[in-house]
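Each remark here refers to the structure printed beneath this line.
The values are calculated or read from the model by the stated rules, or taken from the named source; none is laboratory data. Only a predicted model underlies this, so the values are computations on that prediction, with no experimental measurement involved. Glycine gets a Cβ as well: all are built from the backbone with ideal geometry, and neighbour counts include every protein chain shown. These area figures cover heavy atoms from the full protein model, side chains too; ligands, DNA and RNA do not enter into them. Shrake-Rupley method; radii C 1.70, N 1.55, O 1.52, S 1.80 Å.
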Amino acid sequence: MDTSPTRLLIHGASGRMGQALIRLAAEQPAGYQVVAAVTRRAPSPRVVDGVPYFAASELAGVPVFDVAVDFSLPDGFDPILALCVERGTPLVSGTTGISDRQMAALAHAGARIPLVWATNFSLGVAVLTDLVERAAAALPGWDVDIVESHHVHKKDAPSGTALTLGEAAGSAGAQVHYASLRAGDIVGEHAVQFTGLGERIELVHRATHRDVFARGALHVASKLAGRPAGNYRVRDLLD
Ligand code: NAD
């Protein structure tokens, strides 16, 4: 059995998620080694705490890696997907706000490489999604509203997680309405409200620390290495 650490490329490395990924990977040196940290602009210094940084324009020249973990922005998504397909390496992406064309490219790439794209890497949201699907199926005709709250720096709205929850409710035919709040440093809250005549159910998930997403993404990255090509879900790789 190969016990060497999983060699990671972190794409979006200077961001809030990228920095959490690098810190958590460093806490588990037997499990992970960050061999390339990629940011939009050329960084200075080039090496920080033993991690080599590269600009997005240098992506083609990064060293060999086992898995790429991408938490960047939609305009960074095409180049990292193309690099992974070219090198035949797995991709874990949590970048939200990607277009329909980019979603189609993801589905297509699943025939070539193992990959996971998910709007949320927390176990709690995986369970919430399942609960929403079941509640929507049991409550036909009820109004379904999703209220999501995030920090003021978040660019896309509704959040990718809200859209995933909406799809789960919509699979039972519900028309879903969304509301987005951007305030302070909220890590991520999703409330799914089912309203009937004279009664209401609220299912709520609150993330209090972004490490929950980074930890989930690292776990998925270690599970994806060595798998056959395909589009995997987080829940396929939890064990
Ligand atoms: P951030 O703005 O703090 O960081 C973005 C990073 O992307 C920066 O390092 C920036 O240099 C890099 N970047 C931007 N454009 C790039 C490009 N063209 N090429 C390469 N790198 C580029 O954002 P964040 O809060 O860290 O979030 C990053 C992404 O992850 C967002 O899409 C966010 O919605 C998403 N997110 C997903 C989850 C999840 O569980 N799926 C959780 C949190 C955040």
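Taking label points 7 Å from Cα along the Cα-to-Cβ direction, Gln175 and Glu58 give a separation of 5.3 nm.
As a ratio to 2.2 N^0.38 Å, the alpha-carbon radius of gyration computed for segment 84-132 takes the value 1.30. Which percent of the accessible area of segment 123-208 is formed by carbon and sulfur heavy atoms (probe 1.4 angstrom)? Percent of accessible area from carbon and sulfur atoms in segment 123-208: 53. In this simple spin-label model, placing a label point 7 Å from the Cα along the Cα-to-Cβ direction at both Ala138 and Ala26 gives a separation of 4.6 nm. When both segment 177-239 and segment 87-102 are represented by their alpha-carbon centers, they are found 17 Å apart.
Remark: the chain carries 50 Å² of accessible area per residue (probe radius 1.4 Å; ligands, DNA and RNA excluded). Suppose R0 equals 45 Å; then what is the FRET efficiency for Arg101 and Val152 from their Cβ-Cβ distance, rounded to the nearest 0.05? FRET efficiency, Arg101 to Val152: 0.95. Where both bridge residues fall in segment 123-208, DSSP classifies roughly 70% of the beta bridges as antiparallel.
Suppose every K and R has +1 on its Cβ and every D and E has -1 on its Cβ; what is the size of the dipole of the chain about the Cα centre, in Debye to the nearest 20?
Working: 21 positive and 24 negative charges, 111 e Å.
Dipole magnitude for the chain comes out near 540 debye.
Residues considered: His11, His151, His219. Largest GNM mean-square fluctuation over the chain, using C-alpha springs under 10 Å, is found at His151. Shown for segment 123-208 is the translational diffusion coefficient from the Stokes-Einstein equation, using the Kirkwood radius over Cα pairs, a temperature of 4 °C and a viscosity of 1.567 mPa s: 100 µm²/s. Computed from the alpha carbon atoms alone, the convex hull of the chain holds 128 Å³ per residue.
Rounded to the nearest 0.05, what FRET efficiency do Val204 and Arg40 give with R0 = 25 Å and r taken as the Cβ-Cβ distance? Could you check?
Efficiency, rounded to the nearest 0.05: 0.15.
Under a Gaussian network description of the chain, with springs only between Cα atoms under 10 Å, the residue in Arg16, Arg101, Arg134 that fluctuates furthest is Arg101. Counting only Cβ charges, +1 for Lys and Arg and -1 for Asp and Glu, the dipole size of segment 123-208 around its Cα centre is about 160 debye. In the chain, the DSSP beta bridges split such that about 35 percent are antiparallel, to the nearest 5.
Helix-only estimate, please: 222 nm mean residue ellipticity of the chain, summing -39500 (n - 2.57) across DSSP H runs of length 4 or more and dividing by its residues, to the nearest 500. Could you put the intermediate results ahead of the total?
Details: 6 runs with 76 residues, N = 239.
So the helix-based figure for the chain works out to -10000 deg cm²/dmol.
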